[in-house]
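Note sheet for the following structure.
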Amino acid sequence: MTACCPTCKKPIALDPSNQFRPFCSERCSILDLGAWADEKYKVPVAVQETESVNQNADDEE
Ligand SMILES: [Zn+2]
């Protein structure tokens, strides 16, 4: 059974000896985790921007 690394699309072996599966390497594993965390952090940032807009509206009143 073969699969492709989700990060670099390189064919990998789904073998117990591949400790980084479904990635081909530790580097690809970290890169994918970083991309996922990046998506996650976009939500709190968007909330903070909304709060600061509300604070500005208060200042104008
Ligand atoms: Zn890879």
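Read the figures in this text as sums done on the coordinates, not as results from a lab. None of these values were measured; they are calculated from a predicted model. So basically every Cβ, Gly included, is an ideal-geometry build from the backbone, and we count neighbours across all protein chains shown.
Structure notes:
- Length added when fully stretched, Ala35-Asn18, from 0.36 nm per residue minus Cα-Cα: 4.0 nm
- Peptides 15-22, 4-11, ordered by how many other C-beta atoms sit within 10 Å of their residues on average, highest first, read 4-11, 15-22.
- Counting neighbouring Cβ atoms within 10 Å and putting the fewest first, the residues Ile12, Ile30 line up as Ile30, Ile12.
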